[in-house]
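Here is the structure we will look at, set down as structure tokens.
The values are calculated or read from the model by the stated rules, or taken from the named source; none is laboratory data. Values in this document were obtained by computation on a predicted structure and should not be read as measured data. Because the Cβ atoms are built from the backbone with ideal geometry, glycine has one as well, and the counts that use them run over all protein chains shown.
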Amino acid sequence: MKVNLRDLSFSELDSLVASLGEPAFRSKQIRDWVHSKNAVSVESMTNLSKQLREKLSATHCADGLATLKKTVSRDGTIKYLFGLKDGLSVETVYIPEEGRKTVCVSSQVGCKFSCAFCATGGMGFSRNLTQGEILGQVTEVRRDKSAGDPTNVVFMGMGEPLDNLGAVIPAVAILNSPDGFNIGGRRITVSTVGLPEQINKLASAGLNMNLAVSLHSADDKIRSSLLPINKKYPVATLAAACANYPLKHGRKITFEVILFDGVNDSAEDSAKMIKALHRVKSKKVNLIRFNPVSNPALKPSPPGKVNAFKTSLENAGIDCTIRISKGEDISAACGQLKADFSKKSAE
Ligand code: SF4
């Protein structure tokens with residue numbers, strides 16, 4: 001099978017170009033085609049000589065992802081189901097908001113972590129995505145004329161990005177690089193279920209990006225019922241890894257919290273959260289409205305309780321925002337489109 005040019009690091013591309021007996025500037029031209037001009041074929045790289053295109057095509061390709069399904073929400077959110085070379089598929093969501101256009105990418109096919117509120121968690125795990133498959137999701141959204149040019153990328157789709165650091169670290173580097181997608185580090189966010197050892201590894205990669213952590217509760221019993229990984233890495237261990245995470249100037253770790261009615265939304269819950277996050281110096285909390293399609297047993301916390309939770313965090317000096325779910329009419333929560341598609345394909 002041909003190697004996709006999106007799967008190469010810049011230095012690997014340099015070596016490839018040198019091995020073909022071509023001058024070094026060809027590497028930059030190919031990078032431009034793949035990461036800036038959204039090329040999905042070697043043939044379309046028209047400033048390369050015909051001879052080079054033929055040599056390159058013998059072993060490499062720039063194939064994009066196949067759009068298996070595309071659903072557009074009333075609020076402009078677009079959800080894609082992209083097909084991969086081996087027949088598997090992943091979801092990507094495009095979210096237009098005031099001042100930014102965000103692509104939410106998947107990092108794995110399925111997921112190992114079985115979070116109680118997540119449709120992907122119920123699918124099991126198939127495999128990691130490659131660097132090229134992660135970058136390819138952003139490229140396909142850029143190629144879609146009905147979506148605006150993405151300004152932000154979040155790793156909050158299917159899979160746990162920190163369980164696939166081998167592909168996620170180089171993908172973030174290329175998204176951020178001026179020679180790649182040239183997306184600023186403040187506009188790239190990697191979100192984790194909370195894997196302390198992997199958070200430490202990510203810290204040593206020295207990437208320019210934001211870190212978000214799915215916290216949901218600071219009570220170990222409650223958090224373990226929502227995120228089974230908490231049994232292995234309890235809240236105190238996770239909070240310690242977050243406290244040690246080196247933040248660039250002015251950055252904050254974002255803690256994501258979905259409040260469920262009667263589960264994790266009491267005054268006692270907010271007090272525990274304030275205490276648990278005490279050691280993390282630079283932080284903010286996002287309270288996210290739950291999209292109940294993924295688990296009918298869990299109900300969203302009513303607005304009054306969400307506001308009270310927010311006030312108690314703010315009174316303790318924690319920056320807190322209530323986030324509204326986008327694309328609810330198109331099942332935009334992670335894993336839902338793929339679940340729908342698989343169900344319909346089986347019918
Ligand atoms: S929320 Fe994220 S980590 Fe948890 S099951 Fe879903 S995809 Fe996996």
Residue among Ser224, Ser217 that is within 16 Å of the ligand (Cβ to nearest atom), in contact (Cβ under 8 Å) with a residue 40 or more places away in the chain and of a type in the set (Gly, Ala, Ser): Ser217
Number of the condition not met by Lys284 [criteria: (1) under 26 Å from Val153 (Cβ atoms); (2) at pLDDT below 95; (3) not polar (S, T, N, Q)]: (2)
Matching residues in the range 4-19 - criterion: being farther than 18 Å from Ser177 by Cα, aliphatic (A, V, I, L, M) and surrounded by 14 or more Cβ atoms within 10 Å (Cβ to Cβ): Leu16, Val17
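Does the range 50-64 include one or more residues that are part of a strand (DSSP E or B), hydrophobic (A, V, I, L, M, F, W, C) and out of contact with any helix residue (DSSP H, G or I) (no Cβ under 8 Å at 6 or more places or on another chain)? Give the steps one after another, and end with the answer.
Initial filter on the range 50-64 (part of a strand (DSSP E or B)): 60-61.
Remaining after also requiring hydrophobic (A, V, I, L, M, F, W, C): 61.
Filter again for out of contact with any helix residue (DSSP H, G or I) (no Cβ under 8 Å at 6 or more places or on another chain), leaving none.
Within the range 50-64, none of the residues are part of a strand (DSSP E or B), hydrophobic (A, V, I, L, M, F, W, C) and out of contact with any helix residue (DSSP H, G or I) (no Cβ under 8 Å at 6 or more places or on another chain).
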Test set (1) aliphatic (A, V, I, L, M); (2) free of Cβ contacts under 8 Å to residues at least 40 places away in the same chain; (3) crowded, with 23+ Cβ neighbours inside 10 Å - Leu88 fails condition number: (3)
When residues of the range 116-144 are limited to those that are modelled with pLDDT under 95 and in a loop (DSSP other than H, G, I, E, B), the one nearest to the ligand (Cβ to nearest atom): Cys118
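So that you can scan it fast, the table gives a plain yes or no per residue for (1) touching a Cys at 6+ places or on another chain (Cβ under 7 Å); (2) closer than 15 Å to Leu313 by Cβ; (3) more than 16 Å from the ligand (Cβ to nearest atom):
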{"residue": "Cys242", "(1), (2), (3)": "no, no, yes"}
{"residue": "Phe255", "(1), (2), (3)": "no, yes, no"}
{"residue": "Asp261", "(1), (2), (3)": "no, no, yes"}
{"residue": "Met273", "(1), (2), (3)": "no, yes, yes"}
Count - residues of the range 172-196 that are surrounded by 17 or more Cβ atoms within 10 Å (Cβ to Cβ), out of contact with any strand residue (DSSP E or B) (no Cβ under 8 Å at 6 or more places or on another chain), free of Cβ contacts under 8 Å to residues at least 60 places away in the same chain and part of a loop (DSSP other than H, G, I, E, B): 1
Search result, residues across the range 145-159 that are buried (at least 18 other Cβ atoms within 10 Å of the Cβ) and either within 9 Å of the ligand (Cβ to nearest atom) or within 15 Å of the chain's Cα centre (by Cα) (or both): Pro150, Asn152, Val153, Val154, Phe155, Met156, Gly157, Met158, Gly159
Criterion: surrounded by 21 or more Cβ atoms within 10 Å (Cβ to Cβ), of a type in the set (Ser, Thr, Tyr) and assigned to a loop (DSSP other than H, G, I, E, B) - qualifying residue of Ser27, Ser106, Ser44: Ser106
Some residue of the range 238-249 being under 21 Å from Gly122 (Cβ atoms) and either in the same structural domain as Leu287 (by TED's automatic domain parsing) or without any contact (Cβ under 8 Å) to a residue 24 or more places away in the chain (or both): no
Residue under evaluation Lys69, criteria (1) within 16 Å of the ligand (Cβ to nearest atom); (2) touching a Ser or Thr at 6+ places or on another chain (Cβ under 9 Å), criterion not met: (1)
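Only one of Asn244, Asn291, Asn286 is surrounded by fewer than 21 Cβ atoms within 10 Å (Cβ to Cβ), touching a helix residue (DSSP H, G or I) at 6+ places or on another chain (Cβ under 6 Å) and under 30 Å from Gly184 (Cβ atoms); which? Reasoning before the result, please.
Numbers: Asn244 fails: touching a helix residue (DSSP H, G or I) at 6+ places or on another chain (Cβ under 6 Å); Asn286 fails: touching a helix residue (DSSP H, G or I) at 6+ places or on another chain (Cβ under 6 Å).
Being surrounded by fewer than 21 Cβ atoms within 10 Å (Cβ to Cβ), touching a helix residue (DSSP H, G or I) at 6+ places or on another chain (Cβ under 6 Å) and under 30 Å from Gly184 (Cβ atoms) holds for just one of Asn244, Asn291, Asn286, which is Asn291.
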Test: residue in the range 106-115 that is away from the ligand (no atom under 16 Å from the Cβ), within 23 Å of His35 (Cα to Cα) and assigned by TED's automatic domain parsing to the domain that holds Ser217: no
